[in-house]
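Enquirer: Provided herewith is a single structure, encoded as structure tokens, for subsequent inquiry.
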Amino acid sequence: MPTYRDEVVVLRTHKLGEADRIVTMLSRRHGKLRAVAKGVRRTSSRFGARLEPFMVADVQLYQGRSLDIVQQAESLGSYGAEIVAHYDRYTSAHAMVEAADRLNEAEATPQQYLLLVGGLRALSRGEHAARSVLDSYLLRAMALSGWAPGLGECARCGRLGPHDTFVAQQGGIVCRDCAPTGAARVDAATVSLLQSLMAGEWDVVDAAPPGSTAAASGLIAAYAQWHLERGIRSLSHVSAAPQEGPR
């Protein structure tokens, strides 16, 4: 049977038998992968530490009948240690890899892989607030999957903005004529922050007041939960995590 190599981000693992693990990965060229890593739970394993969640690795896999088998793993990005040392980074990283795991196979593109690697790298360095990194990742990941929220003109009728109502079920910011009764109103500062998170304008994001940051996070969470199957359970832990500011 053939072997192949790829760069991967480890999304999650679970035990198999007494010493093995099944590793779920987002790869650069082969989409989402599930493979058996044999013997990695033994202390003598040569590459077990390289196949933990949040790690980026160059792996060689053997193509099996049901599950592929990891033969080699070389570290490309050891982000796990810096992430797990800070609770806000850890919970945000969990939400990011869970969102990546929710992608359909057709959506698991090289762009999604690079976006996730960049997000985990940013979390490990602590250059920005962890929740802001997560929010920016979710917006961009949704956009790459074809679900970019409307943040300027009305997402339903296309009327030019500015508008002040956000409805996740209707695709983002909508005008008052299209908004259902009781829809959440959004102030201009929060809309501007949403746009900056989407565009990666970190000078604007880092300077945003806490009220706008919290409001934007709530809207992004609602939007992501609406579009991703089964939602993102880790987001409940992110909401409870104390947030550190950028270094």
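Enquirer: May I ask which residue of T24, V40, A73 lies farthest towards the positive end of the charge dipole of the stretch 17-79, with charges of +1 (Lys, Arg) and -1 (Asp, Glu) on Cβ and the Cα centre as origin?
Expert: Result: T24, furthest along the dipole toward the positive end.
Enquirer: A further question on this structure: Just the number, please: percent antiparallel of the DSSP beta bridges in the chain, rounded to the nearest 5.
Expert: On the way: 33 of 36 bridges.
Here the share of antiparallel DSSP bridges comes out near 90 percent.
Enquirer: With every protein chain present, what is the per residue accessible area of the stretch 26-167 (1.4 Å probe, Å²)? All intermediate terms of the calculation are to be shown ahead of the outcome.
Expert: Details: 6250 Å² over 142 residues.
Ligands and nucleic acids excluded, the result is 44 Å² per residue.
Enquirer: Taking the Cα centre of the stretch 90-168 as the origin, how large is its charge dipole in debye, to the nearest 20, when only Lys and Arg (+1) and Asp and Glu (-1) carry charge on their Cβ atoms? Don't skip to the end; give the middle numbers.
Expert: On the way: 7 positive and 8 negative charges, 29 e Å.
Using Cβ point charges on Lys, Arg, Asp and Glu, the stretch 90-168 gives about 140 debye.
Enquirer: Give, rounded to the nearest 20 debye, the magnitude of the charge dipole that the chain has about its Cα centre when Lys and Arg contribute +1 at Cβ and Asp and Glu contribute -1 at Cβ. Let's see the in-between values first.
Expert: On the way: 27 positive and 25 negative charges, 166 e Å.
With only Lys, Arg, Asp and Glu charged at Cβ, the dipole is about 800 debye.
Enquirer: Once label points are set 7 Å from the Cα along Cα→Cβ at both A19 and R159, what is their separation, rounded to one decimal in nm?
Expert: Label-label distance for A19 and R159, simple model: 6.8 nm.
Enquirer: Taking square-rooted eigenvalues a ≥ b ≥ c of the alpha carbon gyration tensor, is the stretch 130-247 rounded, prolate or oblate, where a/c under 1.5 means rounded and, failing that, a/b exceeding b/c means prolate? Don't skip to the end; give the middle numbers.
Expert: Working: a/c = 1.70, a/b = 1.36, b/c = 1.25.
The shape class here is prolate.
Enquirer: Another question, then. Return the ratio Rg/(2.2 N^0.38 Å) for the chain, where Rg is computed over Cα atoms only.
Expert: 1.09
Enquirer: Still on this model: Rounded to the nearest 500, what is the 222 nm mean residue ellipticity of the chain from helices alone, with -39500 (n - 2.57) per DSSP H run of 4+ residues and division by all residues? List each step's numbers first, then the result.
Expert: Details: 8 runs with 93 residues, N = 247.
After summing the helix terms and dividing by residue count, I get -11500 deg cm²/dmol.
Enquirer: Taking only complete DSSP H runs, can you tell me which helices of the chain stretch 24 Å or more along their own long axis by Cα positions and average at least -0.5 on the Kyte-Doolittle scale?
Expert: Values: long enough: 210-227 (26 Å, 0.31).
Once both thresholds are applied, what remains is 210-227.
Enquirer: Can you pull the one-decimal nm distance between simple spin-label points at R34 and Q63, each 7 Å off the Cα toward Cβ?
Expert: 1.9 nm
Enquirer: Within the chain, what is the longest stretch that has no GluC sites (Glu not before Pro) placed in a DSSP loop and near at most 12 other beta-carbon atoms within 10 Å? Don't skip to the end; give the middle numbers.
Expert: Details: sites that count: E18, E229.
Maximal segment without exposed cleavage sites: 19-228.
The values are calculated or read from the model by the stated rules, or taken from the named source; none is laboratory data. It should be emphasised that the depicted structure is a prediction, and the values quoted were computed from it without experimental measurement. Glycine also receives a Cβ, built like all others from the backbone with ideal geometry; neighbour counts cover every protein chain displayed. Accessible surface areas use protein heavy atoms only, side chains included; no ligands, DNA or RNA. Shrake-Rupley method; radii C 1.70, N 1.55, O 1.52, S 1.80 Å.
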